Structures are given as C-alpha cells and as structure tokens.
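Asker: Questions regarding the structure given below will be posed in turn.
The values are calculated or read from the model by the stated rules, or taken from the named source; none is laboratory data. None of the values given here were measured: they were computed from a predicted structure. In this analysis, Cβ positions are derived from the backbone assuming ideal geometry, glycine residues included, and neighbour counts consider all displayed protein chains.
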Amino acid sequence: YYLRTETVASFILISAAYSLLKHKFEKYIPSWTPIITLALAAICYLKSSSNASWVLSPFLLAFTVNHLNLTPEIFKNLLSFTPLKLLGIWSFSIYLWQQPLYIWGGQGYLTLLISIILGLTSFYLIENPSRKYLNSRW
C-alpha cells in the first residue's frame, strides 16, 4: 500500500538480476535451501513481521524462484498439483479484480468470491482468447 508501483516493480528486477548471477552460486546450494527461503518469505508476510514483507521477502522469493530446479522431486510434484497450477494461471486476473473491489470498500470473503468470479470470467472471455489470438499471429 505504501509502495509506489515503480518501487514494487523493482522486486521483479531483483529476481531477474539474480538469475544472471545464480550460476556462480548454484553448485554450493543444498536442495532444501529454496524450500527454507520460501517458508521464510511466507513468515515475512505475517502481520507480526512488520516491514519484513517488503524489505526481506523480495530477496528470499528471488532466491527461491531462481533455484526451484534444485528442489527434491516431491516438492516439484507438489508445485505441479493441478489445482495449484490453475490458481497460478488465474491469480493475476483475480488480483486485477481484487484491487478495485478492495479499494471501493469491499473486504472479506464476499469480495474474494466476487474477485474470483470476475477474474475467471475475464480470464476465459478476454485474456485467454486474446493471448491465443496473439500467439497464433506472432
């Protein structure tokens, strides 16, 4: 809430920059480390963690995402669980609808449910057909 869009976008750039350097460190990283950094990032988002969510978590998540290939097969299979994959595919569409609904005063489960319905509707009626059209042309 307190961060401006360009500041939040820098978190994505942290991961992109680290991906250029990760090959130097990969041979020293145990396979369980990305799982631990994911758990630590999740802890950062607890209310009691105060500013850790926007200070520490981007670095932990950048490390996690860039080293998921090192994790044990059972963890990779867990991430490949179909409902979890679908939630990942739909998440941006849901997020786009959740933002205005939350700003306009909606909070709680009803806002979440409406966000999911609108997000899935826009994903299947607008976003996915547009993506398929564009991908077939270029």
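Asker: Being within 28 Å of residue 112 (Cβ to Cβ) and either touching a helix residue (DSSP H, G or I) at 6+ places or on another chain (Cβ under 6 Å) or at pLDDT 90 or above (or both) is the requirement here; does residue 39 meet it? Write out each step before concluding.
Answerer: Values: within 28 Å of residue 112 (Cβ to Cβ): yes; either touching a helix residue (DSSP H, G or I) at 6+ places or on another chain (Cβ under 6 Å) or at pLDDT 90 or above (or both): yes.
The answer is yes for residue 39.
Asker: Go through the stretch 100-125 residue by residue and tally those that are surrounded by 11 or more Cβ atoms within 10 Å (Cβ to Cβ) and assigned to a helix (DSSP H, G or I).
Answerer: Residues in the stretch 100-125 being surrounded by 11 or more Cβ atoms within 10 Å (Cβ to Cβ) and assigned to a helix (DSSP H, G or I): 16 in total.
Asker: If we scan the stretch 66-79, do we find a residue that is touching a Phe, Trp or Tyr at 6+ places or on another chain (Cβ under 6 Å), in a helix (DSSP H, G or I) and at pLDDT below 90?
Answerer: no
Asker: Right, another one. Within the stretch 89-96, identify whether any single residue is at pLDDT 90 or above, assigned to a helix (DSSP H, G or I) and over 20 Å from the mean Cα position of the chain (by Cα), and answer yes or no.
Answerer: no
Asker: Look at the stretch 63-100 and say how many of its residues are in contact (Cβ under 8 Å) with a residue 24 or more places away in the chain, closer than 17 Å to residue 36 by Cβ and not hydroxyl-bearing (Ser, Thr, Tyr).
Answerer: Qualifying residue count for the region: 8.
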